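Structure first, commentary second.
The values are calculated or read from the model by the stated rules, or taken from the named source; none is laboratory data. This one's a predicted model, so the numbers in the text were calculated from it and none came from an experiment. For neighbour counting, all protein chains shown are included, and Cβ atoms are generated from backbone atoms with ideal geometry for every residue, glycine included. Note: accessible area is taken over every heavy atom of the protein model, side chains too, but ligands, DNA and RNA are not part of it. Shrake-Rupley method; radii C 1.70, N 1.55, O 1.52, S 1.80 Å.
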Amino acid sequence: MTSNRRPPWLVPALAGHVLVTALVWRDLARRPASSVRGGKNLWRLLSAANTSGSLAYVLVGRKR
């Protein structure tokens, strides 16, 4: 018999990913294209794919 229970960390991890991705997308919408390294659509794709893509945007993708 198998259990259909989720690991207890799954829902908070998913919620965190959605929150971080939303913050990155909001920043991309407000920031001019000249202040972003690479294309905005590339960063949207990377941030949606996984949380490390969002971290990469914050560390590398934004021009100061």
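Here are some notes:
- In the range 39-52, the qualifying residues are those that are open to solvent by less than 60 Å² (accessible area, probe 1.4 Å) and free of Cβ contacts under 8 Å to residues at least 24 places away in the same chain, and the one that is nearest to Leu19 (Cα to Cα) is Trp43.
- Residue, nearest to Ala13 (Cα to Cα), within the range 29-38, restricted to residues that are open to solvent by 80 Å² or more (accessible area, probe 1.4 Å) and in a helix (DSSP H, G or I): Arg30
- Condition broken by Thr2, with the remaining ones in (1) among the hydroxyl-bearing types (Ser, Thr, Tyr); (2) at pLDDT 95 or above; (3) loosely packed, with under 14 Cβ neighbours inside 10 Å satisfied: (2)
- Applying a threshold of 7 Å to beta carbon distances and a minimum spacing of six or more residues, or different chains, the list of pairs starting in the range 26-38 at a residue that is under 10 Å from Lys63 (Cβ atoms) and ending at one that is of a type in the set (Phe, Trp, Tyr) reads Val36/Trp43.
- Answer from Val24, Val11 - the residue that is open to solvent by 50 Å² or more (accessible area, probe 1.4 Å) and part of a helix (DSSP H, G or I): Val11
- Among residues of the range 53-64 being open to solvent by less than 70 Å² (accessible area, probe 1.4 Å) and in contact with a helix residue (DSSP H, G or I) (Cβ under 6 Å, 6 or more places away or on another chain), the one that is farthest from Ala15 (Cα to Cα) is Gly61.
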